[in-house]
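Colleague: My questions all concern the structure below.
The values are calculated or read from the model by the stated rules, or taken from the named source; none is laboratory data. Please read all numbers here as calculations on a predicted model, not as lab measurements. Cβ placement follows ideal geometry from the backbone for every residue including glycine, while neighbour counts extend to all protein chains displayed.
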Amino acid sequence: MSLLLVRHGETALNAARVLQPADTPLSARGIAQADALARRLGTGMAGSRAAAIVSSDLPRALRTAQAIAAATGLSVSTTPLLHERNFGDLRGRPYDSLAVNPLTNREAPPGGESADEFEHRVGLAFAHIVRLRGELAGDLIVVSHGLVIGQMLARHASLPAGSLAPAHLGNTSLSIVGAVAPHLATLVNCTRHLDGVIGDDERALSGG
């Protein structure tokens, strides 16, 4: 059985390379991306036998989870453990205007989380989703954010030999990780369900 790690669909601020406030919604393009992924999962094209969905309750992730739920008939639960790293007073500011890279800076921005606090929370989140999957008879779909999924892949999953966690995680990208140790990743950052005008924008922020 597996954990299906899904990044949320695109937002206008994500595309504009702005650190996002908590209430940022999906853009129309992001909704179309979420619907495309939902069709992929709903028709079993990902090879999944999913039994439930757990999501961050931030609107951009929850709306993505709701699209998947509509296509699969699965229920959605939420947990704040899956929230994106909190950048505090930097939220709403253009990423490229900042003197220090907040995505890699280990210190806490004013009103936000330090890297140590964030990494500890992601560890709790990973333990939580492993436990949830253990209570199911099928796979668990996990809808979260770029930095969260990147941290799970880098710190908690076993990637193929010679591979590193991707620097850019596409919007609505799908990664599949084994639910038991060593949590082998069999698919990483796959966006083949996206094409044409809803293709992933590699210039967009991969987190924040």
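Colleague: Would you call Leu124 within 19 Å of the chain's Cα centre (by Cα), surrounded by fewer than 18 Cβ atoms within 10 Å (Cβ to Cβ) and modelled with pLDDT of 95 or more? Reasoning before the result, please.
Modeller: Working: within 19 Å of the chain's Cα centre (by Cα): yes; surrounded by fewer than 18 Cβ atoms within 10 Å (Cβ to Cβ): yes; modelled with pLDDT of 95 or more: yes.
Yes.
Colleague: Output the helices (runs of 4 or more DSSP H) that fall wholly within the stretch 1-110 and possess 1 or more residues being in contact with a His (Cβ under 8 Å, 6 or more places away or on another chain), or say none. Break it down stepwise before answering.
Modeller: Numbers: elements: 12-15, 28-42, 59-72.
In the stretch 1-110, 28-42, 59-72 are the helices (runs of 4 or more DSSP H) which contain 1 or more residues that are in contact with a His (Cβ under 8 Å, 6 or more places away or on another chain).
Colleague: Still on this structure: Would you check which residues across the stretch 78-131 are farther than 22 Å from Ile53 by Cα, without any contact (Cβ under 8 Å) to a residue 40 or more places away in the chain and charged (D, E, K, R) and list them?
Modeller: Listed by number, the residues that qualify are Asp89, Arg106, Glu107, Glu113, Asp116, Glu117, Glu119.
Colleague: Have a look at Ala28, Ala15 and point out the one that is within 18 Å of Ala70 (Cα to Cα) and surrounded by fewer than 23 Cβ atoms within 10 Å (Cβ to Cβ). Before the answer, list the steps.
Modeller: Numbers: Ala15 fails: within 18 Å of Ala70 (Cα to Cα).
After applying the criteria, what remains is Ala28.
Colleague: Name the pairs whose Cβ atoms lie under 6 Å apart, with the first residue in the stretch 170-181 and within 18 Å of Glu135 (Cα to Cα), the second assigned to a loop (DSSP other than H, G, I, E, B) and of a type outside the set (D, E, K, R), and 6 or more positions between them or separate chains?
Modeller: Val177/Ala157; Val177/His183; Ala179/Met1
Colleague: Can you name every residue in the stretch 158-169 that is more than 19 Å from Ile129 (Cα to Cα) and either in contact with a His (Cβ under 6 Å, 6 or more places away or on another chain) or touching a residue at least 60 places away in the same chain (Cβ under 8 Å) (or both)? It would help to see each step written out before you state the result.
Modeller: Residues of the stretch 158-169 more than 19 Å from Ile129 (Cα to Cα): 160-169.
Listed by number, the list holds a single entry, Leu169.
Colleague: Looking only at the stretch 68-108, count every residue that is among the aliphatic types (A, V, I, L, M) and at positive phi and tell me the total. Write out each step before concluding.
Modeller: Keep residues of the stretch 68-108 that are among the aliphatic types (A, V, I, L, M), which gives 68-71, 74, 76, 81-82, 90, 98-100, 103, 108.
Next, from what is left, pick out any that are at positive phi: none.
Adding up the residues that qualify gives 0.
Colleague: From Asp201, Asp195, Asp139, grab the single residue that is charged (D, E, K, R) and buried (at least 21 other Cβ atoms within 10 Å of the Cβ).
Modeller: Working: Asp201 fails: buried (at least 21 other Cβ atoms within 10 Å of the Cβ); Asp195 fails: buried (at least 21 other Cβ atoms within 10 Å of the Cβ).
Exactly one residue qualifies, and that residue is Asp139.
Colleague: If I ask for residues that are buried (at least 19 other Cβ atoms within 10 Å of the Cβ), out of contact with any Leu (no Cβ under 6 Å at 6 or more places or on another chain) and within 23 Å of Met1 (Cβ to Cβ), which ones from the stretch 170-180 would you list?
Modeller: Across the stretch 170-180, the qualifying residues are Ser173, Leu174.
Colleague: Follow-up question, since we're still on this one. If you scan the stretch 156-182, which residues turn out to be in contact with a helix residue (DSSP H, G or I) (Cβ under 6 Å, 6 or more places away or on another chain) and at positive phi?
Modeller: Thr172
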